[in-house]
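Trainee: Sharing a structure here in structure tokens format.
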Amino acid sequence: MVDVVDVAEGHLRALTTPEAAGERFALKGGLITWQDIFDIVNRNAIPGVTAPRGTPDAGTKFVHEKVLVGEKAERILGMTYRSPEDTILDTIRSGVELGWKL
């Protein structure tokens with residue numbers, strides 16, 4: 001998962017970093033499952049927002065079979081990323097402000 005703000009930052013850095021010329025980059029913020037999202041929502045009280053309980057913490061045991069490598073963006077562009085938890089919470093809070101029914 002990559003926050004849209006990090007994607008924008010990656011674009012800006014790719015355009016302004018001479019070593020990035022002609023290169024392609026994979027941005028990799030973090031790995032997350034639906035259960036992780038449920039856990040994040042259930043741990044953080046957001047008025048009007050509920051999530052299924054699922055099986056709490058089961059996402060932490062999930063083994064991702066294919067993992068994107070984003071080392072090149074970190075090395076050449078100096079990328080760092082917002083946490084998946086911050087991304088999820090910011091997205092939900094923005095949606096609530098926009099009137100989404102969650």
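Trainee: Of all residues in region 2-24, which are part of a loop (DSSP other than H, G, I, E, B), surrounded by fewer than 19 Cβ atoms within 10 Å (Cβ to Cβ) and either without any contact (Cβ under 8 Å) to a residue 24 or more places away in the chain or in contact with a Lys or Arg (Cβ under 9 Å, 6 or more places away or on another chain) (or both)?
Mentor: Across region 2-24, the qualifying residues are ALA21, GLY22, GLU23, ARG24.
Trainee: Another question, if that's okay. Give PRO84, PRO47 a once-over and let me know the one that is of a type outside the set (Ser, Thr, Tyr) and out of contact with any Gly (no Cβ under 7 Å at 6 or more places or on another chain).
Mentor: PRO47
Trainee: Go through (1) assigned to a helix (DSSP H, G or I); (2) open to solvent by 40 Å² or more (accessible area, probe 1.4 Å); (3) farther than 30 Å from THR16 by Cβ one by one and return the number of the condition ILE37 breaks.
Mentor: Every listed condition holds for ILE37 apart from (2).
Trainee: Can you name every residue in region 40-57 that is open to solvent by 40 Å² or more (accessible area, probe 1.4 Å) and part of a helix (DSSP H, G or I)?
Mentor: Within region 40-57, ASN42, ARG43 qualify.
Trainee: Under 8 Å by Cβ, and 6 or more places apart or on different chains, what pairs join a residue from region 31-52 that is closer than 11 Å to LEU89 by Cβ with one that is acidic (Asp, Glu)?
Mentor: Short answer, once both residue conditions are applied: ILE40/GLU85.
Trainee: Give me a count of the residues in region 75-102 that are surrounded by 13 or more Cβ atoms within 10 Å (Cβ to Cβ) and in a helix (DSSP H, G or I).
Mentor: Selection size over region 75-102: 14.
The values are calculated or read from the model by the stated rules, or taken from the named source; none is laboratory data. Treat the numbers as computed from the prediction; the structure is a model and nothing was measured. Ideal geometry is used to build each Cβ from the backbone, glycine not excepted, and the neighbour counts take in all protein chains shown. These accessible areas exclude ligands, DNA and RNA; they are computed on the full protein's heavy atoms, side chains included. Shrake-Rupley method; radii C 1.70, N 1.55, O 1.52, S 1.80 Å.
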